[in-house]
Each structure stands twice: as C-alpha cells, then as structure tokens.
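Visitor: I have a structure here, written as structure tokens, and I will follow up with some questions on it.
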Amino acid sequence: MAESNTDTKSSNQMWGGRFASGPDAIMEEINASIGFDKKLFAQDIRGSIAHATMLAHQGIISAEDKDKIVHGLNTILSEIERGNFEFSRRLEDIHMNIEARLATLIGPAAGRLHTARSRNDQVALDFRLWVKEELEKTEKMLTGLIAAFLDRAEEHAESVMPGFTHLQTAQPVTFGHHCMAYVEMFGRDRSRVRHAIEHLDESPIGAAALAGTGYPIDRHMTAKALGFREPTRNSIDTVSDRDFAIEFLAIAAITGMHLSRLAEEIVIWSTPQFGFVRLSDAFSTGSSIMPQKKNPDAAELVRAKTGRINGSLIALLTIMKGLPLAYSKDMQEDKEQVFDAAESLELAIAAMTGMVRDMTVNAARMKAAAGSGFSTATDLADWLVREAGLPFRDAHHVTGRAVALAESKGCGLAELPLADLQAIHSDITNKVYDVLTVEASVASRKSFGGTAPSEVRKQIAFWRARN
Ligand code: ARG
C-alpha cells in the first residue's frame, strides 16, 4: 500500500463531487484550520474508534472493515505522536487529514467510517473531549494551589499584618486569614470547574449534520465508550452550541481575575517599601542596568495573562452571538481562543503555586506595619461601647479625637498616656491598653469567619478535609 504523504490529496476530493474547480488559494487559506485543530488529533481518533466500533456492533459496517479502521487509526495515532505525520493545509482540518491518511493506509474501508456522522458532530465531540480534559487538569491544578495556600495559612495563622480597605490600613488581620481568603476564591473556582464538567458531560456524536440519522446507531454505546454520562438530547443544539467552550473561558476569566488580584498584591508586597514578602530567585528576575533590583516578573505576567484570557472570552461570545442554528463555519474560530486561554491559565496557576510555595514571608515587617496607621482604632471604639456603655456613634467620635491627638503627637494609640485619653473621655481606664495591641485586636475577632487565629485554624481544618 502506498505510504506517500497525504499532500497529494485535497479536501475537495472528499466533499467536492459537485464542484467543477478546486478552491482559490485565498479560500484554502481562510478555510483551513489544521494549523490549530491538529491539537485535537487524539480526541478525533478516540471518537472515530468509538464510532466505528458502534457501527460494527449495530451491523452498519462489517467487523472486518471496523478492524481495518481501528488498526489504521491506531497507526495514525502513533505516527502523529512520533512526529511522523505530515499535516496538509489542502486537507483543511484534522478530521480530513486523518481520514485521508486512513484511506491511504487501509483503502476503501476508510470511506465507511464517516457513515452516520458529519464533521459537525465530529468536531463538537473532539472539542468537548478536549475541553473536558482541560477542565479536569484545571481542577487538579487549583487543588495544588489551594494546598500551597493552606500550608502558608497554617504557618502564619498567628502572624499579624495590616488589613486594608481602599489600600489604606484598616484593621489588623492575620496573614493566615488573608491566605484563606484566596483559598475561598480558588475553592469556588474549582467548584465552577466541577459544574462545567457536569454540564458538558454529554456525548455529541451521532447528532450527525444537525438532524440525527436514519442509520440504526446506538448513541448510548458511544457515549459510554467515550466516558460521557449520556448522549446529548437534541441534535440541532448539539452541533450549534459552544457554550461549553464559553463556560470554560468564563471560568478561566474569573479564575484569572482572582490570580491577577493576588499577582497585584504580590507586586505590592514585594516592593522594598512594603517588604512583606520576598520572592524566591526562582520566581523573579534582575534588571540588566540596576543591580539592586529583584523584579516580580512572574506575578506581572500572571496579571497580564488575565487580560489575554478576558479577550478570548469576549472573542468567542462575539463569534457566537449572531449565529442562526445550526452549524456555521464561524464556529471554527472557537478553538484558538480556548487553546490560548487554556495555555495562559495553566501557566498562571502553575506560576502562582510556585510563588506562593516559595516566597519568604517577613512576619516582623508585617507586624510593624499592622500597628501603624492607628489600625486598632475600631478596638478602642468597641471598648468604649463594651466597657463604658457608649453608643457606637459616640464611641466612634471619641476615638476620632484620640486618633487626631496621637497623630499630632506622632505616636500610636497605645502610646498615648492615660491622662490624655481620660481628657478625651473620663470613663477610659488603663484596661483599655489591653485592646490596643494588634495581637489583642486579632484575637478578639472570633466571630465565625473572623481573623482570630482560633477561627482561621477552624477554616484551615474545614478546607483540609475537602482538598
Ligand atoms: N473544521 C471545522 C470546524 O472546526 C469542522 C467542521 C466543518 N463542518 C462543515 N460542515 N464544514 O468547525
């Protein structure tokens, strides 16, 4: 049998029975997707093997033809994996490239593989399989990132840092608590991933061009063989929609947004002015001109990748929004967006996991900063409510005067002499100093989900049991 490369064939030999001439060079260029959809080769071959096996089981093709097809497809799989396969643009896409090669390898039996299917359900299948695998990979990677944060949270359950609102010092919190905020975010991202897997876990193959088929196929059999929960229920919807890809991109965009906020915090924290964390050499770079610099490039690139992922989401939403049912060729443009976003997301999660694991946390710097900016002012106000019976609004006002005094004296609240505090409100006693330290402040915030180390430890245990 001829082993010549498939380049001598073109896709219009496969669909062009009614065409008098071949495509214009520009037509070939705009139409071809092989440059990117070759990524789907393994899914395409898996799908074809399941389809051929079902066709033989149902008596639609012979067992001999099925055996030839399966053997040929496995040969092609290893050719592609070994880099011995020549992809041809004249054959348009991955489906035609593989089918043409199959014909070269096994002859006329190859022509029976496409019975009761169309490229429309074929591409919907291949792409769904690919996105499903990517979601499963994302789920695992998020689990790794959550684990990295749980370790840092445990280590720093007691380390006090300033908590911010408006990026202004607000109240002391613990670094463990701050880490656990990201655990919550990435935990929700992971549950979105799990839901998305559930949504797309239906097999498209057998929807054919759009209307189903008259052949006695068994879609439950192919669904099972391909690891789907069940077949899709509407053949028109099956070949029309790409919401599973958009859902992946939406999840990638939300996860990216979380990663990017973390990246932004790392950029800020690692400045000499903050000095809260020091990135490992493995996740930072130097400057070619300024020898003292250590730049958080990985964090900055995570922040930038997020912009790129957002672009992909908007691109695919826009591609899809005007399409009448069922398939239109516009949908061929779905893949690059998803492939690019998937690559960005994987890199971003991996880089972040590495940074979180490796960074050195400067607890002393954090603690010093936690006490600045009158961060325990709310504790003073709460003390006045609790111990002196003031309404909160009055306590807020009294505390404001104490802050103004401390500011004018250039000291912290805890450094104000008792006489000064009593001049502002006579009910203040020296017991107030117990609540003005940052440690006392965080330890007091024992409300469910609060920053007290005892609470943070409970939340760590909750997530450990689920990770
Ligand atoms: N390469 C095409 C795509 O990605 C495959 C489906 C083509 N179907 C068709 N009827 N032309 O969408």
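The values are calculated or read from the model by the stated rules, or taken from the named source; none is laboratory data. From a predicted model like this one, the values you see are computed outputs, not experimental measurements. Virtual Cβ from ideal backbone geometry, glycine too; neighbours counted across all protein chains shown. Accessible surface is based on the protein model in full, side chains and every heavy atom, while ligands, DNA and RNA are left aside. Shrake-Rupley method; radii C 1.70, N 1.55, O 1.52, S 1.80 Å.
Visitor: Under the classification rounded if a/c is under 1.5, otherwise prolate if a/b is larger than b/c and oblate if not, where does region 11-112 fall, given a ≥ b ≥ c as square roots of the Cα gyration tensor eigenvalues?
Guide: oblate
Visitor: Any idea how far apart residue 268 and residue 440 come out in nm if each label point goes 7 Å out from Cα toward Cβ?
Guide: 2.8 nm
Visitor: For helix 175-200, what angle does its Cα long axis make with the longest principal axis of the chain, in degrees from 0 to 90 and rounded to 10?
Guide: 20 degrees
Visitor: Is the shape of the chain best called rounded, prolate or oblate, per the rule: a/c under 1.5 gives rounded, else a/b larger than b/c gives prolate, else oblate, with a ≥ b ≥ c the square roots of the Cα gyration tensor eigenvalues?
Guide: Prolate is the answer for the chain, as a/c is 1.5 or above and a/b outweighs b/c.
Visitor: So, one more: What ranking do 215-223, 125-133 get when scored by the average of other Cβ atoms within 10 Å per residue, highest first?
Guide: Packing order, densest peptide first, comes out as 125-133, 215-223.
Visitor: Mind pulling the angle between the C-alpha long axis of helix 243-269 and the longest principal axis of the chain? Nearest 10 degrees, somewhere in 0 to 90.
Guide: 30 degrees
Visitor: Still on this structure, please answer the following. How would you rank 172-181, 286-295, 446-455, highest first, on the average number of other Cβ atoms within 10 Å across their residues?
Guide: So the order, starting with the most tightly packed, is 172-181, 446-455, 286-295.
Visitor: If R₀ is 60 angstrom, what is the calculated FRET efficiency for the pair residue 211 and residue 167, using the beta carbon separation as r and rounding to 0.05?
Guide: 0.55
Visitor: Sort 185-194, 424-433 for me by packing, meaning the mean count of neighbouring Cβ atoms within 10 Å per residue, highest on top.
Guide: Details: 185-194: 18.8, 424-433: 14.8.
Most protected by this proxy first, the peptides run 185-194, 424-433.
Visitor: Leaving out ligands and nucleic acids, and using a 1.4 Å probe, what accessible area per residue does the chain come to in Å²? The partial results should precede the final answer.
Guide: On the way: 21700 Å² over 467 residues.
Spelled out: the 1.4 Å probe surface of the chain, per residue, equals 46 Å².
Visitor: While we're on this one: Scan around residue 295 for amide H atoms under 5 Å from its own, H built in the peptide plane at 1.01 Å from N, and keep only partners 5 or more places away or cross-chain.
Guide: 285, 286
Visitor: Return a whole-number percent for the relative contact order of region 207-262, with Cα pairs under 8 Å and 6 or more residues apart as the contact set.
Guide: Once divided by the residue count of region 207-262, the mean separation gives 35 percent.
Visitor: Is the C-alpha gyration tensor of region 310-382 telling us rounded, prolate or oblate? Criteria: a/c under 1.5 is rounded; beyond that, a/b larger than b/c is prolate, otherwise oblate.
Guide: Judged from the Cα gyration tensor, region 310-382 comes out oblate (a/c at least 1.5, b/c at or above a/b).
Visitor: Restricting to Cα pairs below 8 Å that are 6+ residues apart, what does the relative contact order work out to for region 165-275? Please round to a whole percent.
Guide: 27 percent
Visitor: What is the gain in length, in nm to one decimal, between residue 333 and residue 230 on full extension, counting 0.36 nm per residue of separation less the C-alpha to C-alpha distance?
Guide: Full extension of this stretch gives 34.4 nm more.
Visitor: Continuing with this model, one more query. Using the Cα centre as the reference, give the magnitude of the dipole from point charges on the C-beta atoms of the chain (Lys, Arg: +1; Asp, Glu: -1; all else neutral), rounded to the nearest 20 debye. Could the numbers behind the result be given before it?
Guide: Details: 52 positive and 61 negative charges, 94 e Å.
Roughly 440 debye, rounded to the nearest 20.
Visitor: Also, I was wondering about something else. For the cross-link pairs 293/367; 140/446; 38/68; 39/294, which exceed 29 Å when the distance is taken from alpha carbon to alpha carbon?
Guide: Violating the 29 Å Cα-Cα cut-off are 140/446; 39/294.
Visitor: For the residue pair residue 75 and residue 368, what label-to-label distance in nm results when each label sits 7 Å from Cα along the Cα-to-beta-carbon direction?
Guide: In this crude label model, residue 75 to residue 368 measures out at 7.3 nm.
Visitor: Taking the Cα centre of each part, how many Å lie between region 167-207 and region 215-279?
Guide: If we compute the Cα centre of each part, the gap is 11 Å.
Visitor: For the chain, what relative contact order do you get, as a whole percent, if you take Cα pairs closer than 8 Å and at least 6 residues apart? Walk me through the intermediate numbers first.
Guide: Details: 692 pairs, mean separation 74.8, N = 467.
Relative contact order comes out at 16 percent.
Visitor: In whole Hz and in residue order, list the ³J(HN,Hα) couplings for region 381-386 that follow from phi through the Karplus curve 6.51 cos²θ - 1.76 cosθ + 1.60, θ = phi - 60°; x for Gly and Pro.
Guide: 4, 5, 5, 5, 5, 6
Visitor: What's the Cα-based Rg to Rh of region 39-81, Rh via Kirkwood?
Guide: So for region 39-81, dividing Rg by the Kirkwood Rh gives 1.01.
Visitor: State the extension gain, in nm to one decimal, for the chain segment bounded by residue 397 and residue 317, taking 0.36 nm per residue of separation less the distance between their alpha-carbons.
Guide: This chain segment gains 23.7 nm when fully extended.
Visitor: Moving on. Given H placed 1.01 Å from N in the peptide plane, which residues other than close sequence neighbours of residue 203 have an amide H under 5 Å from its amide H?
Guide: It is 230, 232, by chain and number.
Visitor: What distance in nm separates the two pseudo spin-label positions at residue 407 and residue 220, each 7 Å out from Cα along the beta-carbon direction?
Guide: Distance between label points: 7.4 nm.
Visitor: Give the separation of the Cα centroids, region 334-378 to region 65-108, in Å.
Guide: 45 Å
Visitor: Still on this structure, I have one more. Considering only protein heavy atoms and a 1.4 Å probe, what is the carbon-and-sulfur percentage of the accessible area of the chain?
Guide: Roughly 54 percent, rounded to a whole number.
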